[in-house]
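First up is the structure itself, then whatever we jot down about it.
Quick note: the coordinates plus some simple rules give every number you see, no bench work behind them. Here the structure is a predicted model, which means the values were calculated and not measured. Virtual Cβ from ideal backbone geometry, glycine too; neighbours counted across all protein chains shown.
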Amino acid sequence: MDTLGKVVGLLVFVVGIALLGHVFYQATVFFDDVYRSARGEGSTLNESAKTQAAQENIDKVFGQGTSPLVAFAIAVGVRLIYLLVAGFLGSLIAAKGAQLCGAFRGKQETV
């Protein structure tokens, strides 16, 4: 039972670390995209079909004629919130995995 607990704790820890790695990768892609957009070099953030769908949703909520700058700011805000939540969840999962792995350290099985 002791070994199983350590293995489960280690697996949960690895999943949390993998999620954090994914968040850092997504943040790198996101901020590179924002930088290229700010320089006027074109970006997938402004030209993607997702952004056009988001613009249509923004128009439904706020009315027609929403400024592209406002749509861009909302898209950036939503992606930042996603990164914040995913990073927080990844750190919680990794912490729980470390806690599970540590809980079984030093425990002796009595027969």
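What's the FRET efficiency of TYR25 with VAL76 using the Cβ-Cβ distance as r and R₀ = 25 Å, to the nearest 0.05? Please report the intermediate quantities before stating the final value.
Details: r = 18 Å, r/R0 = 0.71.
For R0 = 25 Å, the calculated efficiency reads 0.90.
Which length gain, in nm to one decimal place, applies between TYR35 and VAL14 when the Cα-Cα distance is subtracted from 0.36 nm times their residue separation?
Working it through step by step, the gained length comes to 4.4 nm.
Estimate the FRET efficiency between LEU83 and ASP2 by the formula 1/(1 + (r/R0)^6), using the beta-carbon distance for r and 41 Å for R0, to the nearest 0.05.
Step by step, r from the Cβ atoms, then E = 0.65.
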